[in-house]
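Report on the structure given below.
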Amino acid sequence: MSKINPYKIQGPVLISFSGGRTSGYMLKHILDAYNGVLPDDMFVVFANTGKEMPQTLDFIRDCEQKWNVKIYWIELYDVDKDAKGDGTDGWMFKYKLVDYDTASRNGEPFEKLIKHYGKLPNSTNRFCTFLLKQRAIVWFERLKGYKNIDQIIGLRADEPRRVHRIKDRNEKAHYYTPLYDAKVTQAEIQKFWKENDFDLNLLASDKHTLFGNCDMCFLKGKGQLLEMLKHREDLAKWWVDQEAKTNKTFKYDISYQQMIDIKNEKSKQIDLFFDDESVDCFCHD
């Protein structure tokens, strides 16, 4: 009896590509399952927020070029408060296809949402995840003539909680997790990239890529953000500016400026930096 290949999945289906090592590993193995050429009804999609690191965008471009695979880059470009209608043309939130050269790099899509709502997303109201990632993918599937299309997500065997949670969603679309099914762990993925002829040029730890996904995302644990500030304090400026504009904070108990002050030992609130875990998001490594 032949063994079922977890990477050979029946279309139509979307491959959710975050631009990280895990999703890159998954994409390569899906490509290998199809001898390097994906079926016409299998689409690789990357939803750009404008807050990804430049190295992430470079990595996505490299995957496209070196593996000769089409990756669809999507981003929000406008909010039309007067939009009316049932189709995507009538959606208030407007999306478009971009590419490596035209993709936003200074948080423009994210900032448009903040300006529209006049407030910041937080761990219990993640409108950034919904509108910059999930809704963008729904727009893309409608663009291709599909509805409730299945998705392939890069969740590993060492992330069982996230896998079970996403599969427990009461949705019409099915979520495939081939890395989990193939029992792939973070260690195996790190080994793959060390032996590969190109890699994501961002620091990796045993748990995650430090600057992966949105650079200083508020869903990352305070301990992780403090470590990031030690390397690149300049990355906090955009987050500090958004908090100043709205007079609100992304995290309920601390501002980005306070985190900078703690890093620079201007504050005594070191006890805030307990080893809290990052909160799960739609994004993945």
Worksheet item: Dividing the convex hull volume of the Cα atoms of the chain by its residue count, what figure in Å³ per residue is obtained?
Response: 141 Å³
Discussion item. Restricting to Cα pairs below 8 Å that are 6+ residues apart, what does the relative contact order work out to for the stretch 47-153? Please round to a whole percent.
Written reply: 32 percent
Worksheet entry | Equivalent ellipsoid dimensions for the stretch 104-153 as semi-axes, Å, which come from the Cα gyration tensor, largest first | 24, 13, 10
Worksheet item: Quick one: accessible area per residue over the chain, 1.4 Å probe, rounded to a whole number of Å²?
Response: 51 Å²
Worksheet item: Can you tell which of Met216, Thr246, Met259 lies farthest toward the positive end of the dipole of the stretch 120-263, using +1 and -1 charges on the Cβ of basic and acidic side chains (Lys, Arg; Asp, Glu)?
Response: Thr246
Discussion item. Percent of Cα-Cα pairs more than 22 Å apart in the stretch 115-215, please.
Written reply: 48 percent
Discussion item. Roughly how far apart, in whole Å, are the Cα centres of the stretch 1-68 and the stretch 88-146?
Written reply: 21 Å
Discussion item. Give me the one-decimal nm value for the distance between modelled label points at Asn106 and Lys248, 7 Å along each residue's Cα-to-Cβ direction.
Written reply: 2.4 nm
Worksheet item: Any number yet on Rg/Rh for the stretch 158-206, C-alpha, Kirkwood?
Response: 1.09
Worksheet entry | Compactness of the stretch 161-265 as Cα Rg over 2.2 N^0.38 Å, two decimals | 1.36
Worksheet item: How big is Rg to Rh over the stretch 39-86, alpha-carbon atoms, Rh as the Kirkwood inverse-mean-distance radius?
Response: 1.12
Discussion item. Ranking request for peptides 99-105, 44-50: highest mean number of other beta-carbon atoms within 10 Å first, then the rest in descending order.
Written reply: 44-50, 99-105
Fill in: Charged-residue dipole, Cβ positions (Lys, Arg, Asp, Glu), the chain about Cα centre, Debye nearest 20
560 debye
Worksheet entry | Å³ per residue enclosed by the Cα convex hull of the stretch 31-118 | 111 Å³
Worksheet item: What residue among Gly118, Met26, Ala157 has its Cα farthest toward the positive end of the dipole of the chain, where the charges are +1 on Lys, Arg and -1 on Asp, Glu, each on the Cβ?
Response: Gly118
Item to complete: Give me the percent of the accessible area of the chain that comes from carbon and sulfur atoms, probe 1.4 Å, all protein chains in place.
Response: 46 percent
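The values are calculated or read from the model by the stated rules, or taken from the named source; none is laboratory data. Just so it is clear, the structure is predicted and the values come from calculations on it, not from any experiment. Using ideal geometry, Cβ is built from the backbone for each residue, glycine included, and neighbour counts are taken over all protein chains shown. Each accessible area value is taken on the protein alone, full model and side chains, heavy atoms only, with ligands, DNA and RNA left out. Shrake-Rupley method; radii C 1.70, N 1.55, O 1.52, S 1.80 Å.
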